[in-house]
2 protein chains.
Amino acid sequence: MTAKIIDGKVIAAELRARVAEEVARVRREHNLIPGLAVVLVGNDPASEVYVRSKHTQTQAAGMASFEHKLPADVSQGDLLALVAKLNRDPAVHGILVQLPLPKGLNTGAVINAIDPAKDVDGLHPNNAGRLAGGFEALSPCTPLGCIILTKSVHASLEGMNAIVIGRSNLVGRPLVQLLLNENATVTIAHSRSRDLPGLVKKADLVYAAVGKPEMVRGDWLKPGATVIDVGINRIPKEDGKTRLVGDVAYQEALGVAGAITPVPGGVGQMTVACLLVNTLRAACAIARLPKPAV
Amino acid sequence: MTAKIIDGKVIAAELRARVAEEVARVRREHNLIPGLAVVLVGNDPASEVYVRSKHTQTQAAGMASFEHKLPADVSQGDLLALVAKLNRDPAVHGILVQLPLPKGLNTGAVINAIDPAKDVDGLHPNNAGRLAGGFEALSPCTPLGCIILTKSVHASLEGMNAIVIGRSNLVGRPLVQLLLNENATVTIAHSRSRDLPGLVKKADLVYAAVGKPEMVRGDWLKPGATVIDVGINRIPKEDGKTRLVGDVAYQEALGVAGAITPVPGGVGQMTVACLLVNTLRAACAIARLPKPAV
């Protein structure tokens, strides 16, 4: 058996197209233009690439994109003042402060300052709490992408046994909540778990989010399992160059899994598309419109 | 084998004694008197009993106890005004609004109005979010009691397999977070889970919080497992009277489990004691003192 490959690039493109349709509809029917403000502090090259990509994709979906670039030595007070201004700005429905922030700035205080209704990164404790409580909430983009990829294979996750490996705030913990909302039975494992291969063996759905290259081996998997690989690790090649691998030994898993996401081209593709989903949802919620069809 | 019976009454009394010691210390060393304000709306007889018990135990621990009784037909605005006043009152470190509120009052809005730093019931989304994010937080009292009871048997829960049956906001979901903080591997199961007996069979620690009388059978358990029964169900007896049973078939479980909490006399005993713990912790945090030794 060779696993079906879950093509993140194709699924993300479809998702962006559905967002664009809904954006066109709310513009037409409600004269509402969802707007995303991205704040970039300093000039980290990787962050600049991400921010440019977000800008392009936001505009391509028919939304308004606002970029705010601040120098690396901006004061905490000036950064908080910008966030407060964006909180008040009726044209802005989503606020994303690109992380990591330069040293000297208090990331927690900045995230806490964002209006939870505009927190499209889903990082504000209020959103995390609403998500953990099973309420409507803006959830972090990567876990949201994981769920959408899984549902490209399984229409319903109800009653399936899922394992989430890794308990980070950004991925593992919110992913548990989203899986519970889908009525899956969820096990959350981590570096202190005993017999991880045995735990993985029982799971219909495997989410690897630990940041350890190829840690999950093919023979750990239950035959036919769906594997969502969140890891993106750069490792050296024999020729001295590097390549990207996930947290799952992909070649081994291909022969056992029922479906699997590649790295690159899997989960990573979904993040910005999910940011657009969150911005659209935030705009509709702020305007007291029904939840959009995406 | 007969299971060790985990005596909630004894453990709660020990906990209250440790709280009282710490309260005496912060009074002596820092001139700080932790204060708990309880708000009771209407005159539900069960709620009145709870509130009286909280009042007595709070005073017995050397803390200040403030009771606020409002009529059942109080307006939302007046209730919110009282919460705002308690938020500002420097003598009040914990605010508990006794639930359920009479119909017509918006419970969510009232909980959201409580200063998260004084939210000793751990219900504010901000606390739920901090807990879900793995940060220091005031956690709901019943899950906190479950952890303390478990640790009366096991000094460390690291690497143990725990199953939480039930995903309520008040118990199941926050309990998952507390177990993760203890480095347990956690599975959360619920009404949609498949093969619940098979899932329970693998668990070293079993938490039943579903509200279904004696649902978890003895032969579901792994021999030697520790069983914490959160359920309190009233069922009819043959003589026409009623008796209390948990979510676990206690007599069956006694022969299989390594340790088990009785109902009554188990988890239920811990709730008010944990409320005192939270009030002490909140008072120390607000006064910027180190975390107390309980």
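Read the figures in this text as sums done on the coordinates, not as results from a lab. None of the values given here were measured: they were computed from a predicted structure. Don't worry about glycine lacking a Cβ; one is built from the backbone with ideal geometry, like all the others, and counts go over all protein chains shown.
Output the Kirkwood hydrodynamic radius of the protein assembly as shown, Cα pairs only, in Å rounded to one decimal.
After inverting the pairwise mean of 1/r, the radius is 25.8 Å.
Report the relative contact order of segment A:179-294, percent, no decimals, based on alpha-carbon pairs under 8 angstrom and at least 6 residues apart.
21 percent
Given label points at 7 Å from Cα along Cα→Cβ, what nm distances, shortest first, separate B:GLY224 from the same residue in every other copy?
The projected label point of B:GLY224 is separated from its counterparts by 3.4 nm.
Return the average number of partner chain Cβ atoms within 10 angstrom of each residue Cβ along peptide B:129-139.
That works out to 5 on average.
Given all pairs of different Cα atoms, what value in angstroms does the Kirkwood hydrodynamic radius of segment A:136-294 take?
16.2 Å
Mind listing the lone cysteines of the protein assembly as shown, meaning no other Cys beta-carbon sits under 4.7 Å from theirs?
Among the cysteines of the protein assembly as shown, those whose Cβ sits 4.7 Å or more from every other are A:CYS146, A:CYS284, B:CYS146, B:CYS284.
Just tell me how shielded B:190-196 is by partners: mean number of partner chain Cβ atoms within 10 Å of each residue's Cβ, no decimals.
Mean partner-chain Cβ count within 10 Å for B:190-196: 5.
Of the cross-linked pairs A:LYS9/B:LYS202; B:LYS69/B:LYS118; B:LYS103/B:LYS151; A:LYS151/A:LYS291; A:LYS54/A:LYS151; A:LYS118/B:LYS103, which ones have a Cα-Cα span greater than 29 Å in the structure shown?
As for pairs spanning more than 29 Å Cα to Cα, those are A:LYS9/B:LYS202; B:LYS103/B:LYS151; A:LYS118/B:LYS103.
Determine the calculated [θ] at 222 nm for chain B from helices alone, applying -39500 (n - 2.57) to every DSSP H run no shorter than 4 residues and normalising by the residue count; nearest 500 deg cm²/dmol.
-12000 deg cm²/dmol, from helical runs alone.
If you take the Cα Rg of segment A:94-156 and divide it by 2.2 N^0.38 Å, with N the number of residues, what do you get?
1.30
Work out the FRET efficiency for B:SER53 and A:LYS103 from their Cβ-Cβ distance, taking R0 = 51 Å, and round it to the nearest 0.05.
Once rounded, the FRET efficiency stands at 0.50.
According to a simple spin-label model (label point 7 Å from Cα along Cα-to-Cβ), what is the distance in nm between A:VAL153 and B:LYS237?
5.4 nm
For chain B, what are the DSSP H helices with axial Cα length of 30 Å or more and mean Kyte-Doolittle hydropathy of at least -0.5?
Correct list, ordered by number: B:8-30.
Report the Cα-based extents of segment B:67-110 along its three principal axes, largest first, to the nearest Å.
The Cα atoms of segment B:67-110 stretch 31, 19, 17 Å along their principal axes.
P(r) for segment B:57-204, please, calculated from all Cα pair distances in 5 Å bins and given in %.
2, 8, 15, 17, 16, 14, 11, 8, 5, 3, 0
Based only on the alpha carbon positions, what is the Kirkwood hydrodynamic radius of chain B, in angstrom?
19.9 Å
Taking the C-alpha atoms of segment A:214-294, how large are the radius of gyration and the largest Cα-Cα span, Dmax, in Å?
17.7, 56
If I model segment B:181-258 as equal point scatterers sitting on the Cα atoms and use the Debye formula, what is log10 I(q)/I(0) at q = 0.13, 0.14, 0.15, 0.20 Å⁻¹?
Here the Debye-derived log intensity ratios amount to -0.41, -0.47, -0.53, -0.88.
How big is the C-alpha Rg of segment A:45-138 next to the rule-of-thumb value 2.2 N^0.38 Å, as a ratio?
1.11
Mind checking which lysines have their Cα closer than 17 Å to the Cα of B:LYS237? Skip sequence neighbours fewer than 8 apart in that chain.
B:LYS212
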